[in-house]
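Every number in this text was worked out from the coordinates using simple rules, so none of it is lab data. Just so it is clear, the structure is predicted and the values come from calculations on it, not from any experiment. Cβ sites come from the backbone with ideal geometry, for glycine too, and all protein chains shown count toward neighbours.
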Amino acid sequence: MKVSVITICFNSQDTIEDTIKSVISQDYKDIEYIIVDGNSKDNTKSIIQKYKSKLAYYISEPDLGIYDAMNKGIAASCGDVIAILNSDDVYAFKSVVSEMVNALGNNDAVYADLVYVGSNNLNSVKRAWKAGSYKKGLFYFGWMPPHPTFFVKKKCYDELGTYSLDLNTSSDYELMLRFIHKFNISISYLQKTIVKMRLGGASNASIKNRLLANREDKKAWKINGLKPKAYTFLLKPLRKLNQFRI
C-alpha cells in the first residue's frame, strides 16, 4: 500500500528540514513524498533542493493559501493513503507510517495522538492531545481528531471532495466533519503519539483568532447541511483544557 505524505510550506526555513528528515527517515518502504511550496521568499526552497532526490513531487508557486496547497498535493498524489504533515510538524519516531498503515486495516482512515512542543525545542512538550476512540455523534460534543495524524484513503477525497477554500482556518475541521460525521467513513484509532507539532497554529494564535475559528466551525456545519447542538461550539475549545494534563 503506497502512502503519500504531503508537506505544504511557505517561508519555513527554520523548520522545514526537521519535517523532511522525519519523513525520509521512516522505515516504511512505499512512501511517496510530496512538497508543495507557496513560492517562499526565504531559504526554504534551497533547503528543499538538498533533498529533491528523495521527493516524488515538488512544486513551488504562489497559491491561494494552505488548503489550496493541500489540494494541489492531493491532486498530484498517487498513493492509496494520504497523510498531511505541515512544515512546523515532525513525525515522532521512525515507524509512524508503518504503524499507522497496520492500524488502518480495512478502514477508510486512521488517526492518533499528538503533542505540542516548543517552537525551538522539539523535546519540550507543552500540551498533549489525546484524541481517544471515536464514537458516532462525538462531533456534537466538540470532538475532532488531530489533523496532522489523520491518514485517509485517497478514494475518500475522490468520492467526498477535498479541502474547502471558503474557510480560512477551519477547512481541516470541515473536511473531517464531512468525512467522519456526515458520510460515516470507517475509522480506527492508534493510541500513540505520532506527531510533534510546534506551537503557534493560525487558529490558536490569539483570542481573536480563536473566535474567528469558532465562527468558521459553525460555517463548516452549515455548508454540510448539518445542525449542531446548542453546546457544540462551547465544548470544542473547552476540550483543549485536557491537553494541558501532560
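Data table
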quantity	calculated
Total formal charge among the other residues, if their Cβ is under 15 angstrom from that of Lys154, Lys/Arg +1 and Asp/Glu -1	-2
Burial ordering of Arg178, Arg245, fewest other beta-carbon atoms within 10 Å first	Arg245, Arg178
Alpha carbon convex hull of segment 3-244, volume per residue in cubic angstrom	117
Given charges at Cβ of Lys, Arg, Asp, Glu: the chain dipole, positive-most of Tyr134, Ser164, Gly118	Tyr134
For segment 22-85 versus segment 105-179, the gap between their alpha-carbon centres in whole angstrom	19
Sites Ser98 and Asp158, calculated FRET efficiency, Cβ-Cβ separation with R0 30 Å, nearest 0.05	0.75
The chain: relative contact order in percent, alpha carbon pairs under 8 Å with at least 6 residues between	22
Length gained when the stretch Leu241-Ile223 is fully extended (0.36 nm per residue, less Cα-Cα span)	3.7 nm
Segment 111-208: C-alpha pair distances exceeding 23 Å, %	30
Candidate lysines - alpha carbon under 20 Å from Lys45, same-chain residues fewer than 8 apart omitted	Lys21, Lys54, Lys72
Computed magnitude of the charge dipole of the chain (debye, nearest 20; Cβ of K, R +1, Cβ of D, E -1)	1000
The chain - mean residue ellipticity at 222 nm from DSSP helices (-39,500 (n - 2.57) per run, n ≥ 4, rounded to 500)	-8500 deg cm²/dmol
Ranked list, fewest to most other Cβ atoms within 10 Å of each Cβ, for Ile59, Ile66, Ile34	Ile59, Ile66, Ile34
